[in-house]
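The values are calculated or read from the model by the stated rules, or taken from the named source; none is laboratory data. What you see is a predicted model; the values in this text were computed from it and never measured. Virtual Cβ from ideal backbone geometry, glycine too; neighbours counted across all protein chains shown.
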Amino acid sequence: MSSISQNAPGKTVLLMGNEAIARGALEAGVKVCAAYPGNPSSEIIGGLAKVAEEMGLHVEWSINEKVALEVATAASFAGLRGLCAMKQNGLNVASDFLLNLNLSGCRGGLVLVVADDPAGVSSSNEEDSRIYAKLGDLPLFEPATFQEAKEMTRSAFELSEQLGLPVLIRSVTRVSHARGNVCLDELPKSSTKPRFENWLRFTPLPAIANHKLLHEKLNRAKEMAEKSPFNFYRGGEKPELLVVTSGSGWMYSLEALINLDVQDRIGVLKLGTTWPLPERFVLDHLKKADRILFVEEVDPFLENNVKELYAQNCVDLGLKTFFGKASKHIPDVGDLSPEIVTNAIQNLLQISYESRPADYSLRAHEIAAQIVPARMLGFCPGCPHRATYWAVKIALALDGRDGFVLGDIGCYSLGMGPSGFAQMRTLHAMGSGTGLACGFGQLNRFGLEQPVVAVCGDSTFYHAAMPALANAYYNGSNFLLLLLDNSATAMTGFQPHPGTGETATGGEAPVIDLRAICKVFGAHVEVVDPFDVASTVETILRLLEDKKGVKVLIMKRQCALVSAKHQKRLYRVAVEEERCLGETCGCNRLCTRVFKCPGLMWDRQTGKACIDEAICTGCGVCSEICPASAIRKEKA
Amino acid sequence: MTTTQTASDNKGLKALEQKVLGSNLCAACGACLSLCPYLSSRKGRVVKLDNCNLDEGRCFAYCPRTEVDLDKIYSKIFGKGYEEIELGPVRKIMMARARDPIWRKKAQTGGVVSSLIDFALRKGIIQAGVLTPRDGDLLPQGKILKSRKGILSCAGSSYVSGPTLEALNRGPWKGEERIGIVGLPCQVLAVARMKTSTLEKKTPIDRVDLVIGLFCTWALDYKPFTAFLHERVGGHSIKKLNITPPPERILEVTAGGKLHQVPVDEIRSFIRPSCRVCLDMTAELSDISVGTVEGKEGWNTVIARTAVGEDLLKEAKKTGVIETRPLPKDNLDHLKEASLLKKRRAIDALNEKGGIEKAYFTLSANLVKRILSEAPENAK
Amino acid sequence: MFIPKDPFNIIIGGVGGQGNVLASQILGEMLVAQGYVITIGETYGASQRGGAVMSHLRISRKDQFSPLIPEGQCDLLVALEPVEGLRILDRYGNPRVMTLLNTRPIQPLDVISGNATYPEVSKVIAEIRGLSRRVWTLNATEVALEMGDPIFSNIVMLGALCGIGVLPISRQEFETVIKELLPSRTLDENLKAFDRGKETVEEVTKEK
């Protein structure tokens, strides 16, 4: 990786948007960085963790986003610069603190980066976090390029200190996870000693006075925004169409203009400070055209705020027509792409454009539709969650009372789909499965006879499920919690957590024992290895039949990808063809048709299952379940 | 091998699920278990674990509640068509009891079944028995047993049926053992289906040389029945059950060191629905069928149906394992009446459900007419 | 050596877990070092779990282009898996696209479970040839397996990419980047994988 800490001002390197943000924070002299992993934000603190020692920083994976923000804020209160990063859902978790912090103010520069995931590619939901800036009266930056990601972060720290306010940077997947050229600047040499000035008070109270003060700060930010280098215009004086855009919309708009060859007909107003709006700057440019198209991800945030501004000034500006999400020229859900912007402009300017010959499109579509099979997501080969859901499926069927599974966020969310045998029935926020189970576990008195099962990952448990478990004990709820302990925050990139014994910077950390916590919260706790399918089924069955209180079954088995990193392979697995029953009565392809591990393949020629050695990781579970004992496993 | 056939043509798990498991017709005999990973059982109930899309399978072929052509089966087993609707094919019928008190002590009545199995094992006619012991809480489970102790553990009635035949399918088997099975009429029918099926045999059904069937009027569904009992006896394990003879008909329950009494009428709701459409009271497809003798405590009614059965009884009597007496005419008549009554009730129940043409078995119209005319009235 | 057009659009696509991200990063670094303006767009996270993934790589002398290549505008497709190659050409192909293909299939879950069929690889290659101006193939996975670990297949593909001579990249740049990016104990094996890719790649459809 181009090291984000290299001391090479003036050098151009290839950086991921998140890395550029991290580099910007380093150039700004950040000292404390905290986050909870969340796609697409994880590499910000992840990258800083790698250089923490070298650069003399404190970097931590906090237990959840609210605590992470509090940790970074403490640095700010002590006069140091703090950085906190999270995904959209994380901001929801941290929002209680943030919406008090805006009123209490802070001291050293404090920057909160929220990386949204338009279209929810790796999220439970789709959400536009920019609203928090408006809600909290906080300054908001939206980087449109990788260089901007770095520059804005630096500016954000300065602005934050000038105003005594946290500053929000809102990135999206296509900026955070994309890479591009970034020219590095200098790294700071000096540093401040932290001190909590005891005469200072950090509190939102009295609310009205502080709210007024906050508005004044925002007005100052507005003035500064008028001169910000992140807001600029590219185009003529009288464009046929004015495109107003921010963030990822900028690069897509440029691409659309080039493809349609309309650079001289269209002007692009790119805004980098999207809250508060640089009002005079925006109004000046609105005057340039009668037709205005808003290009942004995900909600019509910019669109509505500019329309509000226009409404207050419409007498001056005269009649304008606005296009964007309200007019459906830009879809009001999902992410942006060059095609979306191209189509909108095509439409508004009545241009005909073909990115490739129509007959090629037709031919390619036809071929693909005919022979290309779908490729759905699933658990990795060797994933303990596949084994867990297999056992859950069998146990619930044998139990016979229509039990159901409540879940939440992590790799195991794939339990909703075919890879997890469609066992998981609900999915919302971190720890919600356990919270819902608290409620379902009380419905027995109304006649609910179905056993209630919740699943929760280890990292998710520390993040949010602990209060729910305590609640279950306190309020007397009855359910079975399957705690999936794969020793990793896997989905987001295998970050350590309070159960793995390692800190963000690779140091040793005390382990907060899951079993002990569950016991303290009054649960009956057992531990099982999901790779031992028979045991796991029996244990789940037995616990399902226990009608009293909360039971926690810890499914303890390391994530397959983590094992692979440490080159820990359990078995070498092979199919004994002579024993394989294949499609005949007695098997009918249990391993490939029903268990569906990608490490297995079905050979149509021989009519036998076989192992795909490019994929199989040697967990041996297929060997356990084969009805003909035709899959052999040998210790690796 | 995905099917293009309609649901009604399917002869595999799809049809089994629709016609039997999902229609409350399952007898929990165990014939479909341990054949494949898609069926299992828990607490006396058969559970489908996953879908199977084969057009045809052994689960359907062995099930005693799917497409049973009675005439064909009886022909294949006995070498002649089905005519004897009163008690099935009978070579010899008698009263009998075990001589050795060790069998009579644990038995429900005369100890004939246990002593015969033990005799067959000692003589080397069979090397293993598939019998049905019960666990500590009275759950019946099929087991492969070879010892006296094992046989004794199975003695006595529990009125609850369990998937005995799973043990036959599951093994483990060494590969040469001749096997004897003791089963209820549904299980005996399943064994006959297994023997006469044309599908590839992957279980040791061809080594089953001896089938002893038990008389049966109905059997109880373990899960709800034991839940009911546990509530009545305060959660203790059930040690012994006994239904007293008429006219009282009380279920005596020994649990937690006490003897509880429950009127039999209170447990009728736990009778398996499958039993209500069962035609067979005397396990007509066995080598030997054994039941009680009404009014004669300590004696069994024994029917020898095949040469194998007849020979075994002869030998057992000769060597003093059992003693026999003629069955009094009254008892014989009464037995025939009861057997026909069960057939009649089954036909009535099926007629209520949509007609005998839709039944799981085919029986000639002539035989149906005979049953209806010969069975006593007042079917309850 | 120059890039054939500006921007030059490359897609490295395959199945989650095949290492397209690392491959695109290495390639990007090799080009930035020569002064090109590079944008790379990725799909992360959930996609790694066996789903279809793509890296979009834009090479320009002057501008920072968007992280997504517009539909129908791929210039060079590096397909790590056969049907993924077709899937990508469906959306991003055009008559002048060039395709470098790893011929070893990875069965999707629908195929493994029997709900779908995987087409004959020869047919997939034929269709790809019909949709591309130039095509090169090799079984990179096999080469990697011969070396002892399928994990090298993306490096093998990079070697092949160098070998076909379409981009201004050389083994030397690869070595420089690898030394910075990856642990030193893997250097020799990565270089070997690169070389094997270069040797093994075959042109099957020449310039039309």
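Would you confirm whether or not segment B:175-194 contains a residue that is over 27 Å from B:GLY79 (Cα atoms) and either modelled with pLDDT of 95 or more or of a type in the set (Lys, Arg) (or both)? No: zero hits.
Among the residues of segment C:110-117, not a single one is more than 30 Å from A:GLN605 (Cβ to Cβ) and in a loop (DSSP other than H, G, I, E, B).
Residues are listed down the side, and each one gets a yes or a no for (1) closer than 27 Å to C:GLN172 by Cα; (2) modelled with pLDDT under 95; (3) acidic (Asp, Glu):
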residue	(1), (2), (3)
C:PHE8	yes, no, no
C:SER24	yes, no, no
C:ALA33	yes, yes, no
C:GLN73	no, no, no
C:ARG87	no, no, no
C:GLY93	no, no, no
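If we keep just the residues of segment C:71-80 that are part of a loop (DSSP other than H, G, I, E, B) and buried (at least 24 other Cβ atoms within 10 Å of the Cβ), which is nearest to the other protein chains (Cβ to nearest Cβ)? So, considering only residues that are part of a loop (DSSP other than H, G, I, E, B) and buried (at least 24 other Cβ atoms within 10 Å of the Cβ), the one nearest to the other protein chains (Cβ to nearest Cβ) is C:CYS74. When the test is whether a residue is farther than 21 Å from A:LEU590 by Cβ and surrounded by fewer than 23 Cβ atoms within 10 Å (Cβ to Cβ), A:ALA374 passes it.
With respect to being surrounded by fewer than 24 Cβ atoms within 10 Å (Cβ to Cβ) and out of contact with any Lys or Arg (no Cβ under 6 Å at 6 or more places or on another chain), B:LEU220 falls outside the description. Considering only residues in segment A:599-609 that are free of Cβ contacts under 8 Å to residues at least 40 places away in the same chain and within 11 Å of chain C (Cβ to nearest Cβ), the one that is surrounded by the fewest Cβ atoms within 10 Å (Cβ to Cβ) turns out to be A:ARG604. C:GLU42 passes every criterion in (1) modelled with pLDDT of 95 or more; (2) within 9 Å of chain A (Cβ to nearest Cβ) apart from (1). Taken over segment B:348-365, the criterion of being within 20 Å of B:ASP71 (Cα to Cα) and touching a residue at least 60 places away in the same chain (Cβ under 8 Å) is satisfied by B:LEU350, B:ALA359, B:TYR360, B:PHE361, B:THR362, B:LEU363, B:SER364. With respect to A:PRO381, is the statement that it is free of Cβ contacts under 8 Å to residues at least 12 places away in the same chain and within 13 Å of chain C (Cβ to nearest Cβ) true? When the stated conditions are applied, A:PRO381 does not pass them.
Could you tell me whether A:LEU302 is hydrophobic (A, V, I, L, M, F, W, C) and over 27 Å from the mean Cα position of the chain (by Cα)? Here the answer is no, as A:LEU302 does not meet what is asked.
For residues that are acidic (Asp, Glu), closer than 20 Å to B:GLY180 by Cβ and either at pLDDT 95 or above or in contact with a strand residue (DSSP E or B) (Cβ under 7 Å, 6 or more places away or on another chain) (or both), tally how many sit in segment B:63-121.
1
Residue pairs whose Cβ atoms lie under 9 Å apart, separated by 6 or more positions or on different chains, with the first residue in segment C:49-70 and within 7 Å of another protein chain (Cβ to nearest Cβ) and under 10 Å from A:ALA178 (Cβ atoms) and the second charged (D, E, K, R) and not in a strand (DSSP E or B), are C:SER66/A:ARG174; C:SER66/A:GLU255; C:PRO67/A:ARG174; C:LEU68/A:ARG174; C:LEU68/A:GLU255; C:LEU68/A:GLU339. Look at (1) outside any loop (DSSP other than H, G, I, E, B); (2) more than 14 Å from chain C (Cβ to nearest Cβ); (3) surrounded by 11 or more Cβ atoms within 10 Å (Cβ to Cβ) and you find that A:VAL182 fails only one, number (2).
Residues that are surrounded by 16 or more Cβ atoms within 10 Å (Cβ to Cβ) and modelled with pLDDT of 95 or more: find the helices (runs of 4 or more DSSP H) completely inside segment A:267-317 holding 3 or more of those.
Because the criterion is at least 3 residues that are surrounded by 16 or more Cβ atoms within 10 Å (Cβ to Cβ) and modelled with pLDDT of 95 or more, the helices (runs of 4 or more DSSP H) in segment A:267-317 that meet it are A:279-286, A:301-312.
Of the residues making up segment A:336-354, those that are crowded, with 17+ Cβ neighbours inside 10 Å and either of a type in the set (Gly, Ala, Ser) or over 24 Å from A:THR245 (Cα atoms) (or both) are A:SER337, A:ALA344.
Here A:THR460 passes the criteria (1) more than 28 Å from the chain's Cα centre (by Cα); (2) in contact (Cβ under 8 Å) with a residue 24 or more places away in the chain except the one numbered (1).
Listed here are the helices (runs of 4 or more DSSP H) enclosed by segment A:72-163 that have at least 3 residues being buried (at least 24 other Cβ atoms within 10 Å of the Cβ): A:88-104, A:146-163.
Considering (1) buried (at least 19 other Cβ atoms within 10 Å of the Cβ); (2) outside any loop (DSSP other than H, G, I, E, B); (3) away from chain A (no Cβ under 14 Å), the lone condition that B:GLN18 does not fulfil carries the number (1). All of (1) closer than 18 Å to B:VAL188 by Cβ; (2) touching a residue at least 24 places away in the same chain (Cβ under 8 Å) hold for B:GLU56 with one exception: (1). Each residue in segment A:33-58 was checked for being assigned to a loop (DSSP other than H, G, I, E, B) and β-branched (Val, Ile, Thr), and 1 of them qualify. Counting only strands (runs of 3 or more DSSP E) wholly contained in segment B:83-202, the ones carrying 3 or more residues that are crowded, with 21+ Cβ neighbours inside 10 Å occupy B:92-98, B:128-131, B:179-183. Within segment C:158-178, the set of residues being of a type in the set (Gly, Ala, Ser) and within 16 Å of C:LEU22 (Cβ to Cβ) comprises C:GLY159, C:ALA160. Given the conditions (1) surrounded by fewer than 16 Cβ atoms within 10 Å (Cβ to Cβ); (2) touching a residue at least 40 places away in the same chain (Cβ under 8 Å); (3) charged (D, E, K, R), report the number of the one that C:LYS192 does not fulfil. The one condition C:LYS192 does not meet is (1).
Being modelled with pLDDT under 95 and surrounded by fewer than 22 Cβ atoms within 10 Å (Cβ to Cβ) is a property that B:GLU297 has.
The lone criterion from (1) among the polar types (S, T, N, Q); (2) in contact with a strand residue (DSSP E or B) (Cβ under 6 Å, 6 or more places away or on another chain); (3) over 19 Å from A:ALA614 (Cβ atoms) left unmet by C:SER184 is number (2). Restricting segment B:281-339 to residues that are among the basic types (Lys, Arg) and not in a loop (DSSP other than H, G, I, E, B), the residue that is nearest to B:PRO246 (Cα to Cα) is B:LYS336.
From the list A:GLU65, A:GLU27, A:GLU70, exactly one residue is more than 14 Å from chain C (Cβ to nearest Cβ), free of Cβ contacts under 8 Å to residues at least 40 places away in the same chain and either closer than 19 Å to A:GLU161 by Cα or aromatic (Phe, Trp, Tyr) (or both). Which is it? Walk me through it before giving the result.
On the way: A:GLU65 fails: either closer than 19 Å to A:GLU161 by Cα or aromatic (Phe, Trp, Tyr) (or both); A:GLU27 fails: free of Cβ contacts under 8 Å to residues at least 40 places away in the same chain.
The match here is A:GLU70.
Checking the condition within 26 Å of B:THR132 (Cβ to Cβ) and in contact with a Pro (Cβ under 7 Å, 6 or more places away or on another chain), which residue from B:LEU49, B:LEU70 passes? So the residue among B:LEU49, B:LEU70 that is within 26 Å of B:THR132 (Cβ to Cβ) and in contact with a Pro (Cβ under 7 Å, 6 or more places away or on another chain) is B:LEU49.
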